[in-house]
Amino acid sequence: MISYGPIVWSSYVCALDIQDNFLYAVYSGRGDEGLMILDISDPSEPEEISRLYIDNYFWDLKVRDDYAYIFSSQFFQVFDVSDPEEPVMVGQIELEFLSWDYTDYTIEVSGNLIYASCHLDGFMVFDVSDPENPFVTAYYDTPGVAHDLAVIDDLVYVADETSLGVYRNTMVGLPDRETIPFPGNYEIVSIYPNPFNSTTTIQYSLPVASPVSLNVYNINGQLVKVLVNRYMQSGKHRIVWEAENVVSGVYFIKIENGWKNDIVKTVLLP
């Protein structure tokens, strides 16, 4: 084993990947975060080709062909690295719903799909067939804690802390997103009773598995109660709002997933 000595960064190097004669690394800390690309054709003298500042805390990085896929505390991002001297972000998904804790988030690439282990939130699958418009195509909340995963064809093997989970991605081989029928809207189906006294049941509908928040706001737009804030499977769901220690009056229940929302008014009686 021959050591060529460390390349010193002032920040924390979070993840790296190698393709051809280039090394790609993401680093975080002390206000200096981003993507660095090094020419390693001479491993004894790596040469910095470019550095792109990205304000984030990074978890993992994978490079395939002309694109780098970066998984971080706030986003899943796609970068065009066809020109290593000028990397450019071309697409991203905001991940504000993940209950992240700085550890155990990894990604694996399989064709046009990116599989991501999400620790307390199971794992999810991103479709990057259109790099400029990536989207979440599947999600599964595993029974344990998803530390890592591996993918072979349509099978996903998950290190789920106390067990090995094996899952088959039934989304593999489906037609493009535009040809898949959209089964409805993100909406609040009903609030019953309404008006109510202390307790009411909210029924809401999700057309696809996705991150969702369901919040209660007062008439001044102030947040009163977070009812739901996580990824959920598609279908109809119910939750009970127990309005203890809440003054009577008009309130608004809002459901949203980052790009669609629905708001319904309810009245809490004295």
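Remarks
- The residues of the stretch 141-169 that are assigned to a loop (DSSP other than H, G, I, E, B) and without any contact (Cβ under 8 Å) to a residue 24 or more places away in the chain, listed by number, are 142, 143, 144, 154, 160, 161, 162, 163.
- Check on residue 154, over 24 Å from residue 212 (Cα atoms) and at pLDDT below 90: yes
- Subset of the stretch 49-60 that is in a strand (DSSP E or B) and in contact (Cβ under 8 Å) with a residue 24 or more places away in the chain - its residue that is nearest to residue 79 (Cα to Cα): 52
- Answer residue from the stretch 8-26, given it is surrounded by fewer than 14 Cβ atoms within 10 Å (Cβ to Cβ) and in a loop (DSSP other than H, G, I, E, B) and is modelled with the lowest pLDDT among those: 8
- Against the numbered list (1) closer than 21 Å to residue 131 by Cβ; (2) of a type in the set (S, T, N, Q); (3) not in a strand (DSSP E or B), residue 77 comes up short only at (3).
Yes/no per residue for (1) touching a residue at least 40 places away in the same chain (Cβ under 8 Å); (2) touching a Leu at 6+ places or on another chain (Cβ under 7 Å):
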position: 62; (1), (2): yes, no
position: 76; (1), (2): yes, yes
position: 79; (1), (2): yes, yes
position: 84; (1), (2): yes, no
position: 89; (1), (2): no, no
position: 92; (1), (2): yes, no
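- Pairs where the first residue, in the stretch 21-48, is polar (S, T, N, Q) and the second is part of a strand (DSSP E or B), C-beta under 8 Å, 6+ apart: 21/39; 28/12; 28/14; 28/58
The values are calculated or read from the model by the stated rules, or taken from the named source; none is laboratory data. The shown structure was predicted, so the numbers you read here are calculated from the model rather than taken from an experiment. Because the Cβ atoms are built from the backbone with ideal geometry, glycine has one as well, and the counts that use them run over all protein chains shown.
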